[in-house]
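Trainee: Got a structure here, written out as structure tokens. Questions coming.
The values are calculated or read from the model by the stated rules, or taken from the named source; none is laboratory data. Keep in mind it's a predicted model, so treat the numbers as computed, not measured. Every residue, glycine as well, gets a Cβ built from its backbone with ideal geometry; the counts of neighbours run over all protein chains shown. The area values use the complete protein model at the heavy-atom level, side chains included, leaving out ligands, DNA and RNA. Shrake-Rupley method; radii C 1.70, N 1.55, O 1.52, S 1.80 Å.
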Amino acid sequence: MDLLSDLNPEQRKAVTIQRGPILILAGAGSGKTRVITYRIAYLLHKKYAKPENILAITFTNKAADEMRTRIFKLLGDSHRMWIRTFHSTCARILRETSERIGITRNFTIYDEHDQLSLIKDCLHDCNIDTKAITPATVLSCINKIKQNLASSDHIDDELIRVLYKQYNKKLGDYNAVDFDDLILKTVELFRTDENVLMRYQNRFKYILVDEYQDTNRAQYELTKLLAAKHRNLCVVGDDDQSIYSWRGAEIKNILDFEKDFPDAVVIKLEQNYRSTKTILKAASGVVENNEYRKPKILWCDNDVGERLEVFEAVDAYNEAAYVARKIMELKLQDFNLGDIAVFYRINYQSRVFEECFIKYQIPYEVIGSLKFYERAEIKNVLAYLKVVTNPRDSVSLKRIINIPSRKIGYTTIEKVLSYGKEHNLTLYESLLQIEKITSIDRKTKKRIQDFVAMINGFIELSDTLSLYEFVLEIVKDSGYLESLAQEKTEREYIRRKNVEELLISIKDYAKEYPDATLRDYLADVSLRSEIDEWNATDERVNLMTLHNAKGLEFDIVFITGLEDGLIPHYKSQYELKQYEEERRLLYVGITRARKKLFLTFARQRDLFRGDFTYTTLSPFFREIPVDVFATTMESGLEM
């Protein structure tokens, strides 16, 4: 097996280093996924490691799946190695060691919606008005605290400190964790239990981390702990593509890697295989103005390619109409719609494009809009499944107790919750003692008893049926599917179709993972991102924010709204690091394009009250070398 013939010299060097820390600075389109997969294959082929000694960490399930598929093609096997996201890696470790941290193996993973519901309960318990502080604000603070591994003792804001403690107490009561807990609790476990840490250090002799520039403090500490014994840590990333500081990502993790590992071998992958020379020149002209970066020069053997086209629009509608007309021209030139992407800085900018594409009958898909698994009808089904695996999950239980309607109203639930608070019981435990709650009438008690009996029946049934058969049984016997079928509105029809689509996806999941349990399925669903649910097709133009474009590539790219205040965002103008991140964001957008790149900006933008504001061209636009542009700029000012 000749693993090295397809690699350039720098890629080959990165693949064949046997031991020690490695920092691979992989420029956009330089084949970093190939390097990671070939390195894994090489280590196994040379018998430097067994499959179970490999831990490869990515940031999305889609990236992990792609890596797994590539390794399977090279080796014919990828099952015994861990190729996972940070969160799924930690979820599995916690499942295997849950007794050490005081939770059971069937813990629930709360997504953002679940977290907000829990915070609302905390605000209610603490008699805090949501006008004083919103649940979203509290959630943002809690996430930052956990991502930074901070102690509650170091929280300056008294209100946040109280809510943080109440929030974590409820998570413990409900046998639940949130996304950040997965990493936080794993780090805490490793720091306090040397035997557990040693167990995983001995197992994972080679650790590879993709997109290292996107790691936060907790992920950084987790990686250092796991790699401390063997020090065979290979991190791959590009500081020029660090665009997630608002999620807690710290660019200094990659910039300071050599301080943590002074003996690290540093390799730069600068040959780009994606874009034309013209597109690369435009991208480099922008990002090289950043001070906070490691210097690198992207180059390629691709064609020079076409020059960038620029359109100066009157307003957002004129801009969208131009993009629509260009897309129709490209379709006539035999470009597939799925190979075309329209990028914008803020989600609200998609509305005008959507309206215009509908008018011109251009099929499109908005990436990063309401995710399939976040739709109410899907979350209702998943809540049933979560309660079956973990009856202590009061957030999910409260969601489904009256779905479909069982005439168990809000007042009744409040009485049950009040009883539970008085006797230190979860919602489920309180429901089991419903006869003792004298303030609830006999008929309502009977409805609650019937509901509890149904849930207990589902729990007993969960070990006797296949995953698909079990979920089908739940949506039928709970009455939920029938309740959707009774409604004749278009909305209810769509909701019913979505539930049916969920059942199909579960059947497909069970085929791919025949040994997977209900708990495995729920963990997989809980850790999905919006990009994991996206699949490119030839039938629809892709609309997305520049942040969502990271990791993707398209033949044709439109970067719209290239105006000061949008790109760069107005909030970044007083902070150098934020301003440089905005520049990196544009760099990411430019380097998604393979063949053609269009840049557009509008001279005025509508405001939400019907007024408009005049705009100025983005200062980043002027950093692009002038010789990459077409000789004339199209304009809609006289249209």
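Trainee: Give the residues of segment 174-198 that are out of contact with any Leu (no Cβ under 9 Å at 6 or more places or on another chain) and under 24 Å from D524 (Cα atoms), sorted by residue number.
Mentor: So in segment 174-198, the residues out of contact with any Leu (no Cβ under 9 Å at 6 or more places or on another chain) come out as 175, 180, 192-195, 198.
If the condition is that a residue be out of contact with any Leu (no Cβ under 9 Å at 6 or more places or on another chain) and under 24 Å from D524 (Cα atoms), then N175, D180 are the ones that fit.
Trainee: Could you grab the pairs with beta carbons closer than 8 Å, sequence gap of 6+ or different chains, first residue in segment 150-162 and without any contact (Cβ under 8 Å) to a residue 60 or more places away in the chain and among the hydrophobic types (A, V, I, L, M, F, W, C), second one in a loop (DSSP other than H, G, I, E, B) and surrounded by 15 or more Cβ atoms within 10 Å (Cβ to Cβ)?
Mentor: Pairs found: L159/I128; L159/I133.
Trainee: Only one of these conditions is not met by S140: (1) in a helix (DSSP H, G or I); (2) surrounded by fewer than 21 Cβ atoms within 10 Å (Cβ to Cβ); (3) touching a residue at least 60 places away in the same chain (Cβ under 8 Å); (4) not β-branched (V, I, T). Which number is it?
Mentor: Failed condition: (3).
Trainee: Quick check on V196: is it open to solvent by less than 20 Å² (accessible area, probe 1.4 Å) and either modelled with pLDDT under 95 or not in a helix (DSSP H, G or I) (or both)?
Mentor: Values: open to solvent by less than 20 Å² (accessible area, probe 1.4 Å): yes; either modelled with pLDDT under 95 or not in a helix (DSSP H, G or I) (or both): no.
No.
Trainee: On to the next question. Acidic (D, E) and over 17 Å from F86 (Cα atoms): which single residue out of D238, D181 fits that description?
Mentor: The conditions single out D238.
Trainee: Please enumerate the residues belonging to segment 90-102 that are touching a residue at least 40 places away in the same chain (Cβ under 8 Å) and open to solvent by less than 10 Å² (accessible area, probe 1.4 Å).
Mentor: Once the filter is applied, which keeps residues that are touching a residue at least 40 places away in the same chain (Cβ under 8 Å) and open to solvent by less than 10 Å² (accessible area, probe 1.4 Å), segment 90-102 yields C90, A91, I93, L94, T97.
Trainee: I would also like to ask the following. Here are some residues: Y410, Y373, Y360, Y384. Which one is of a type outside the set (D, E, K, R) and within 30 Å of K331 (Cα to Cα)?
Mentor: Step by step, each of Y410, Y373, Y360, Y384 is checked, and only Y360 is of a type outside the set (D, E, K, R) and within 30 Å of K331 (Cα to Cα).
Trainee: Same structure, new question: May I ask you to list the residues in segment 146-193 that are modelled with pLDDT under 95, assigned to a helix (DSSP H, G or I) and β-branched (V, I, T)?
Mentor: Correct list: I160, V162, T192.
Trainee: Consider segment 47-89. How many of its residues are in a helix (DSSP H, G or I), modelled with pLDDT under 90, touching a helix residue (DSSP H, G or I) at 6+ places or on another chain (Cβ under 8 Å) and open to solvent by 50 Å² or more (accessible area, probe 1.4 Å)?
Mentor: Number of matching residues: 4.
Trainee: If we scan segment 104-119, do we find a residue that is within 30 Å of R34 (Cα to Cα), β-branched (V, I, T) and not in a loop (DSSP other than H, G, I, E, B)?
Mentor: For segment 104-119, residues within 30 Å of R34 (Cα to Cα), β-branched (V, I, T) and not in a loop (DSSP other than H, G, I, E, B): absent.
Trainee: Now for a separate question. Do any strands (runs of 3 or more DSSP E) entirely within segment 545-621 hold 2 or more residues that are closer than 24 Å to A341 by Cα and of a type in the set (G, A, S), and if so, which?
Mentor: Hits in segment 545-621: 593-602.
Trainee: Related question: Output the qualifying pairs, or none if there are none: Cβ atoms under 7 angstrom, residues six or more apart or on different chains, first residue in segment 431-446 and free of Cβ contacts under 8 Å to residues at least 40 places away in the same chain and β-branched (V, I, T), second residue open to solvent by 70 Å² or more (accessible area, probe 1.4 Å) and not in a loop (DSSP other than H, G, I, E, B).
Mentor: I437/K415; I440/K415
Trainee: Checking E422 against (1) free of Cβ contacts under 8 Å to residues at least 60 places away in the same chain; (2) farther than 23 Å from K170 by Cα, only one condition comes out false. Which one?
Mentor: (2)
Trainee: Among (1) open to solvent by 20 Å² or more (accessible area, probe 1.4 Å); (2) modelled with pLDDT under 95, which single condition is L3 missing?
Mentor: (1)
Trainee: If you go through segment 401-412 one residue at a time, do you hit one that is open to solvent by 10 Å² or more (accessible area, probe 1.4 Å), under 19 Å from Q115 (Cβ atoms) and at pLDDT below 95?
Mentor: No: segment 401-412 contains no residue that is open to solvent by 10 Å² or more (accessible area, probe 1.4 Å), under 19 Å from Q115 (Cβ atoms) and at pLDDT below 95.
Trainee: Exactly one condition in (1) at pLDDT 95 or above; (2) open to solvent by 20 Å² or more (accessible area, probe 1.4 Å); (3) among the basic types (K, R) is not met by K577; state its number.
Mentor: Here K577 meets the rest and fails (1).
Trainee: Say we look at segment 511-526 and pick out the residues that are open to solvent by less than 30 Å² (accessible area, probe 1.4 Å) and either outside any helix (DSSP H, G or I) or at pLDDT 90 or above (or both); which of these is farthest from K476 (Cα to Cα)?
Mentor: This residue is A516.
Trainee: For segment 398-451, which positions are among the basic types (K, R) and assigned to a helix (DSSP H, G or I)?
Mentor: K398, R399, K415, K421, K436, R442, K443, K445, K446, R447
Trainee: Quick one: which residue in K415, K476 is among the charged types (D, E, K, R), open to solvent by 60 Å² or more (accessible area, probe 1.4 Å) and in contact with a helix residue (DSSP H, G or I) (Cβ under 8 Å, 6 or more places away or on another chain)?
Mentor: On the way: K415 fails: in contact with a helix residue (DSSP H, G or I) (Cβ under 8 Å, 6 or more places away or on another chain).
Result of the check over K415, K476: K476.
Trainee: Given the criterion closer than 30 Å to F458 by Cα, touching a strand residue (DSSP E or B) at 6+ places or on another chain (Cβ under 6 Å) and in contact (Cβ under 8 Å) with a residue 24 or more places away in the chain, identify the matching residue among S478, S526.
Mentor: Residue meeting the stated conditions: S526.
Trainee: Let me ask something else. Check F612, F558, F608 and return the single one that is within 18 Å of R351 (Cα to Cα), modelled with pLDDT under 95 and in contact with a Lys or Arg (Cβ under 9 Å, 6 or more places away or on another chain).
Mentor: F612
Trainee: Filter segment 14-46 for residues that are part of a helix (DSSP H, G or I), open to solvent by 10 Å² or more (accessible area, probe 1.4 Å) and closer than 26 Å to V588 by Cβ and give the result. Quick ask: steps written out before the conclusion?
Mentor: Taking segment 14-46 as the starting set, the residues that turn out to be part of a helix (DSSP H, G or I) are 14-16, 32-45.
Now restrict to residues that are open to solvent by 10 Å² or more (accessible area, probe 1.4 Å): 16, 32-34, 38, 42, 44-45.
Within segment 14-46, K32, T33, R34, Y38 qualify.
Trainee: If you take the residues in segment 352-367 that are open to solvent by 10 Å² or more (accessible area, probe 1.4 Å) and in a helix (DSSP H, G or I), which one is nearest to K571 (Cα to Cα)?
Mentor: So, considering only residues that are open to solvent by 10 Å² or more (accessible area, probe 1.4 Å) and in a helix (DSSP H, G or I), the one nearest to K571 (Cα to Cα) is V352.
Trainee: Moving on. Between residues in segment 322-351 that are open to solvent by 60 Å² or more (accessible area, probe 1.4 Å) and residues that are in a helix (DSSP H, G or I), which pairs lie under 8 Å by C-beta distance while being six or more apart or on different chains?
Mentor: Filtered contacts from segment 322-351: K331/L337.
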